[in-house]
Amino acid sequence: MDIPHPAPHLAALDEEDMQQASPAWQAEIDGITTTVCASIDAATTLASLRTAEISAVGRKGQVTELRKRIGSLPKTERRAFGQAVNAAVGRVKTAINARHESLKQALIDAELGDDSFDETMPAQPVNGGTYHPLTLVQRELEDVFASMGYHVMDFPEVDSEFYNFEGLNIPGWHPARDMQDTFWLDDGHLLRTHTSTGQVRAMHLFKPPFRAVFPGKVYRYEATDASHEHTFHQVEGLMVAKHVSVAHLLDSMRTLLSAIFGRDVQVRLRPGYFPFVEPGFELDISCQVCGGPGCAVCKKSGWVELLPCGLVHPNVLRAGGLDPDEWQGWAFGLGLSRLVMMRYAISDIRLLLGGDVRFLEQFERGV
Ligand code: DAH
């Protein structure tokens, strides 16, 4: 049977042609690529693989450097040369990936084969970082309150106008709104200006009597300085029961402050106006940064406003669905950021959320 086959002379001619068409640089590229791939295959660690990778296809790697030669070639060869170098880079990268996979697998196999390796052990953090001073003090406060029977709640930072203003007896026309301008969302929601949003929320959530605290971040449209930030932290407290008086409020605030400071701190009480409490008070503590003579934190007065408080306004109880003839309450809004500044003698509130590691590293380590 006559089986067709290429004429031997034609096949020979093809090969010869190809050899002739293959310019000198092709052999050089192939040579370099082969050497480089050999050194990649010979890498025994991920680090040495990386070194081999850099010396092959890094910015000044052997294969990368080849590209520079393109300018010295005749125009007709440049396209083929570029394609050849690209192909070489592709070959090298395939070799790197393959070697990387096998080295990684070898590491995993070694660990699994080692009886002393316990994969159920929690990972060892390399650098645990430090706790933020706000976290430290907030956790401490939460412990104090939880030990006194308070629920610790986390309410939304984006809230409705109702929980932030109306429900707290601050209708749209009220001048108190000007003092607490904030960031508004297009859909009418806002970034809460205070943790007092939790008052009506807690009334909707718990059956009285109850006591709860709600720490968190609050926002104001504010010009910033050493004692004002557009974002800061508060802890709100609320107690609702059948018979609540100013005496209960004061005693609770004193217990609270001595637990926080671990010693007696000088306090003073002034009447204060807040639409959601009646009567309302400003509880100030002596400035713990300067100790009295006056500094930037206490605005040179020696006193720091720390704890506005009062008896819950009947309209707020109503907004929370409670009958003011049956239920009463007290509330406070502790300036957590201020408290942190007092505790650690921090003279500028902007340090708290400024993100400067040199500041943050001074606090308790996470591990
Ligand atoms: N929400 C008020 C503010 O941020 C602080 C405040 C005042 C909270 C009196 C209260 C309170 O619970 O009774 O300025």
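The values are calculated or read from the model by the stated rules, or taken from the named source; none is laboratory data. These figures come from a predicted structure and were not determined experimentally. Cβ: placed from backbone, ideal geometry, glycine included. Neighbour counts: every protein chain shown.
At a glance:
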quantity	calculated
Residues (surrounded by fewer than 10 Cβ atoms within 10 Å (Cβ to Cβ) and within 20 Å of THR231 (Cβ to Cβ)) located in region 112-160	ASP154
Pairs where the first residue, in region 70-95, is among the aromatic types (Phe, Trp, Tyr) and the second is surrounded by fewer than 18 Cβ atoms within 10 Å (Cβ to Cβ), C-beta under 6 Å, 6+ apart	PHE81/ILE70; PHE81/LEU73
Top-ranked residue in region 313-355 [being closer than 20 Å to HIS228 by Cα and free of Cβ contacts under 8 Å to residues at least 12 places away in the same chain; ranked as surrounded by the fewest Cβ atoms within 10 Å (Cβ to Cβ)]	GLY355
Filter pass, ALA52 being modelled with pLDDT under 95, assigned by TED's automatic domain parsing to the domain that holds GLU77, touching a helix residue (DSSP H, G or I) at 6+ places or on another chain (Cβ under 6 Å) and under 12 Å from ARG91 (Cβ atoms)	no
Unique residue being closer than 28 Å to PHE165 by Cα, in the same structural domain as HIS233 (by TED's automatic domain parsing), touching a helix residue (DSSP H, G or I) at 6+ places or on another chain (Cβ under 9 Å) and among the polar types (S, T, N, Q) when the list is GLN288, GLN328	GLN328
Residues located in region 194-234, provided they are closer than 24 Å to SER301 by Cβ, within 11 Å of the ligand (Cβ to nearest atom) and part of a loop (DSSP other than H, G, I, E, B)	HIS194, ARG220
So ALA146, is it on the phi < 0 side of the Ramachandran plot and at pLDDT below 95	yes
Filtered residues of region 33-56 (kept if surrounded by fewer than 18 Cβ atoms within 10 Å (Cβ to Cβ), β-branched (Val, Ile, Thr) and part of a helix (DSSP H, G or I))	THR34, THR35, THR51, ILE54
Yes/no for LEU283 being away from the ligand (no atom under 11 Å from the Cβ), hydrophobic (A, V, I, L, M, F, W, C) and either in the same structural domain as GLY198 (by TED's automatic domain parsing) or at pLDDT 95 or above (or both)	no
Test result for VAL137, modelled with pLDDT of 95 or more, among the β-branched types (Val, Ile, Thr) and under 18 Å from GLY333 (Cα atoms)	no
Residue ID - surrounded by the fewest Cβ atoms within 10 Å (Cβ to Cβ), chosen from residues in region 291-304 that are under 16 Å from ARG268 (Cβ atoms) and not small (Gly, Ala, Ser)	LYS299
